[in-house]
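The values are calculated or read from the model by the stated rules, or taken from the named source; none is laboratory data. It should be emphasised that the depicted structure is a prediction, and the values quoted were computed from it without experimental measurement. Cβ: placed from backbone, ideal geometry, glycine included. Neighbour counts: every protein chain shown.
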Amino acid sequence: MTTLASRSLYLLGIAALLAGCAANTPLVGSVDAPRLAVGDHWQYRITDNLRRGVQTRLDVDVLAVGPNAARLRLVYTNGEGRSERVEEVDAGGGLRVAAFGYGPTRPYSPSLKLLDFPLTGGKVWRQTVPTMRPDLQLKDAIVVFGQVQGRTPVTVPAGNFDTVAVYRILQLDDGEFWRSKTTRRDQVRYAAEVKGVVREERDAEYHETPSGPDMAVIRTENTTTELVAFTPGR
């Protein structure tokens, strides 16, 4: 099943990747993983396009940096209140501890490569990370497919940036007997000068089963995340 999932994500991404590459200029050289520092702070604005533009403020702070990993605090604030969690990234930028959607924070081994540094022109990566479902206590997997599409200029509230464009597909480990796993497609814009993503568009959905002409497609996420401000740490 894991092999089939990886192959399906690869085939699903090819057409979109070919279309996206034409809009970007070639990436010359490579972009290394960010060197995080205690006190690095990013402020983002997340717009929920499925909820008529409801906005959430996301503040990300680097709490600690070690030789192999860094700890980040993420604080979400909107009209419904405030929530906070702590995640970990490894030295290559991979997620060691994180949460997806409404699921709990949990560890991943190997780390999830949402961005596979160093980023080079045309680079493609595919990764299958084994997981243990927290709800069912069953073995499963999260599948990642991504490709570097080139360079593209981006304007966000924090300013104008020359970014690396990345297209990414995630298949989560949340399938049930009555529904498929969630598939999430991301358009990512990464800027080395702020050590992070300055814009990210996500679109996620799953399919009800059994398949057929009346099969419903349920959209679970359509968000736009933009950088509002970045303050480097010490």
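Of the set (1) more than 27 Å from Val65 (Cβ to Cβ); (2) surrounded by fewer than 19 Cβ atoms within 10 Å (Cβ to Cβ), all apply to Pro232 but (1). Filtering region 150-169 down to residues that are among the β-branched types (Val, Ile, Thr) and in contact with a strand residue (DSSP E or B) (Cβ under 7 Å, 6 or more places away or on another chain), which residue is nearest to Thr225 (Cα to Cα)? The selected residue is Val156.
Of the residues that sit in region 92-123 and are among the aliphatic types (A, V, I, L, M) and within 19 Å of Val164 (Cβ to Cβ), which one is farthest from the chain's Cα centre (by Cα)? Top of the filtered list is Leu119. Look through region 182-225, keep the residues that are assigned to a loop (DSSP other than H, G, I, E, B) and at pLDDT below 95, and return whichever of them is surrounded by the fewest Cβ atoms within 10 Å (Cβ to Cβ). Ranking the candidates gives Pro213 first.
Within region 159-173, the set of residues being surrounded by fewer than 20 Cβ atoms within 10 Å (Cβ to Cβ) and farther than 20 Å from Val28 by Cβ comprises just one member, Gly159.
Given the condition within 24 Å of Arg57 (Cα to Cα), hydroxyl-bearing (Ser, Thr, Tyr) and in contact with a helix residue (DSSP H, G or I) (Cβ under 7 Å, 6 or more places away or on another chain), answer yes or no: does some residue in region 180-191 qualify?
Keep residues of region 180-191 that are within 24 Å of Arg57 (Cα to Cα), which gives 184-191.
Filter again for hydroxyl-bearing (Ser, Thr, Tyr), leaving 190.
Then keep just the ones that are in contact with a helix residue (DSSP H, G or I) (Cβ under 7 Å, 6 or more places away or on another chain); that gives none.
Taking every residue of region 180-191 in turn, none turns out to be within 24 Å of Arg57 (Cα to Cα), hydroxyl-bearing (Ser, Thr, Tyr) and in contact with a helix residue (DSSP H, G or I) (Cβ under 7 Å, 6 or more places away or on another chain).
I'd like to know if region 107-123 contains one or more residues that are part of a strand (DSSP E or B) and touching a residue at least 40 places away in the same chain (Cβ under 8 Å). Yes, because at least one residue in region 107-123 is part of a strand (DSSP E or B) and touching a residue at least 40 places away in the same chain (Cβ under 8 Å).
Residue-wise test of (1) closer than 24 Å to Pro110 by Cα; (2) crowded, with 16+ Cβ neighbours inside 10 Å; (3) out of contact with any Pro (no Cβ under 9 Å at 6 or more places or on another chain).
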| residue | (1), (2), (3) |
| --- | --- |
| Ala37 | yes, no, no |
| Leu58 | no, yes, yes |
| Asp61 | yes, yes, yes |
| Gly66 | yes, no, yes |
| Arg82 | no, no, yes |
| Glu88 | yes, yes, no |
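Under the condition of being part of a strand (DSSP E or B) and either modelled with pLDDT under 85 or of a type outside the set (A, V, I, L, M) (or both), which residue from region 1-35 is nearest to Val86 (Cα to Cα)?
Initially, region 1-35 is screened for residues part of a strand (DSSP E or B), giving 25, 30-31.
Keeping just the survivors that are either modelled with pLDDT under 85 or of a type outside the set (A, V, I, L, M) (or both) gives 25, 30.
Details: Thr25: 36, Ser30: 29 Å.
Here the residue is Ser30.
Return a yes/no flag: does region 155-162 have any residue that is touching a Lys or Arg at 6+ places or on another chain (Cβ under 7 Å), assigned to a strand (DSSP E or B) and touching a residue at least 60 places away in the same chain (Cβ under 8 Å). Yes; the residues of region 155-162 include at least one that is touching a Lys or Arg at 6+ places or on another chain (Cβ under 7 Å), assigned to a strand (DSSP E or B) and touching a residue at least 60 places away in the same chain (Cβ under 8 Å). Taking the conditions exactly as written (polar (S, T, N, Q), surrounded by 20 or more Cβ atoms within 10 Å (Cβ to Cβ), in a strand (DSSP E or B) and at pLDDT 95 or above), does Thr128 satisfy them or not? No: the conditions fail for Thr128.
List the strands (runs of 3 or more DSSP E) that sit entirely inside region 36-104 and contain at least 3 residues that are among the hydrophobic types (A, V, I, L, M, F, W, C) and touching a residue at least 12 places away in the same chain (Cβ under 8 Å).
Working: elements: 41-48, 54-65, 69-78, 81-90, 95-98.
Because the criterion is at least 3 residues that are among the hydrophobic types (A, V, I, L, M, F, W, C) and touching a residue at least 12 places away in the same chain (Cβ under 8 Å), the strands (runs of 3 or more DSSP E) in region 36-104 that meet it are 54-65, 69-78.
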